[in-house]
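Have a look at the structure below, then the notes.
The values are calculated or read from the model by the stated rules, or taken from the named source; none is laboratory data. Since the model is a prediction, treat every value here as computed from it, not as a measurement. Glycine also receives a Cβ, built like all others from the backbone with ideal geometry; neighbour counts cover every protein chain displayed.
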Amino acid sequence: MRRPPVVLLALTLIAAALCSPSSGVGLSSGTPVYAQDTLGGTPSQAPSPPPFGLPFNTPPGPTTWLFGQAYGNTTGAYAYRRIWYGTGQGIHFGIDFSARCGTPVVAIGDGTVAIVDNLGYGSGPHNLIIQHPNGYASLYGHLLKRPDLSVGQVVQKGEVVAFTGDPDLTCTSRPHLHLEIRPRTLNGTVDAVNFIDADWDALALVSAFGHGFQRNLDNPRQWQTLQDQPSITWGGPLLNDFPRTWPYDWK
C-alpha cells in the first residue's frame, strides 16, 4: 500500500533524529521526573516497591475494567493541550481506567479523607481526595455519586470509597475512573505509574481509548514510555507545544 507523503516525511524525520550522532539524543536514563523537580516538600523519588495499589479489587478484563489512557504526553492530551489540559501544562495529568458506571473504586493506600466533592479540583461530576502518610495524595474523579465519606475519615488500602461514573453523565458515553497522584500540597501531579504496584506492560497491551504518546521530532525519545513522563505544576507553561511533531497536528 502506498503511504501518503506526509507519513513518509514524518517517518524519515523520526529515523534521522534517532540515528544522527549529532542530535544530542541518547538512550533514556530510566530515571523518571518526579514532583520534587518542580514542587517542594515531596520525597526525592518513588519508593521501591511502589507504595500504592490499583484502584479496583477485581482483576482487569472486558467485564470489569481496562487501562484506558496513560498519564503524560499522550496523543489525546496533545490534541487538546490548550483546551482541556492547558492548566496541567498540556499533558494528561492522571490515569484513566475504563469501567462500567457503578464499578467499586478502592483506596490505593491507607490515608485520611481530605476533600469530598470539590469541583475546584476537577474531574466531575464527583471527586474525592485522600491524603496518604507518605507525602502524596490520590484523587479519584468522574465518580457516579458523592462518596459516602467525611473529611477526616480514615480509610484503608483496598477499602471501597467510591463508584465509577461518566463525565458526560450518561453512563454510555465514556464511563471511566480518572486517578491522579499529587504531592501533599495538591499543586501538581506525578506519573502515577511509578507509584502503583502493577504489571503495567500487561495492562497497556489493551488500552480502551489511548493511542500512545505524542512525539517531539526534535527530541524523539522524550516522554515515550509509561514510566518516563513529566510531573506538572498547575498553571505552568505548556510542556508539549512541539514545533515539529508526530502524529501531525491537524488542528
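For the reader, a short list of remarks on this structure follows.
- The residue that is surrounded by the fewest Cβ atoms within 10 Å (Cβ to Cβ), counting only those in the range 212-236 that are among the β-branched types (Val, Ile, Thr) and closer than 17 Å to Ala70 by Cα, is Thr225.
- Filtered by the rule that a residue be without any contact (Cβ under 8 Å) to a residue 12 or more places away in the chain and either among the basic types (Lys, Arg) or part of a loop (DSSP other than H, G, I, E, B) (or both), the range 165-204 gives Asp168, Thr170, Thr172, Ser173, Asp199.
- Ala202 being surrounded by 14 or more Cβ atoms within 10 Å (Cβ to Cβ) and of a type in the set (A, V, I, L, M, F, W, C): no
A quick yes/no check of all residues on (1) at pLDDT 95 or above; (2) surrounded by fewer than 23 Cβ atoms within 10 Å (Cβ to Cβ); (3) part of a strand (DSSP E or B):
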| site | (1), (2), (3) |
| --- | --- |
| Pro59 | yes, yes, no |
| Pro62 | no, yes, no |
| Gly76 | no, yes, no |
| Trp84 | no, yes, no |
| Gly90 | yes, no, no |
| Phe97 | yes, no, yes |
| Gly102 | yes, yes, no |
| Val105 | yes, no, yes |
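- Residues that are among the hydroxyl-bearing types (Ser, Thr, Tyr), touching a Gly at 6+ places or on another chain (Cβ under 7 Å) and either more than 14 Å from Val190 (Cβ to Cβ) or part of a loop (DSSP other than H, G, I, E, B) (or both) within the range 205-239 comprise Ser207, Ser231, listed in sequence order.
- Gly111 surrounded by 20 or more Cβ atoms within 10 Å (Cβ to Cβ) and farther than 20 Å from Thr225 by Cβ: yes
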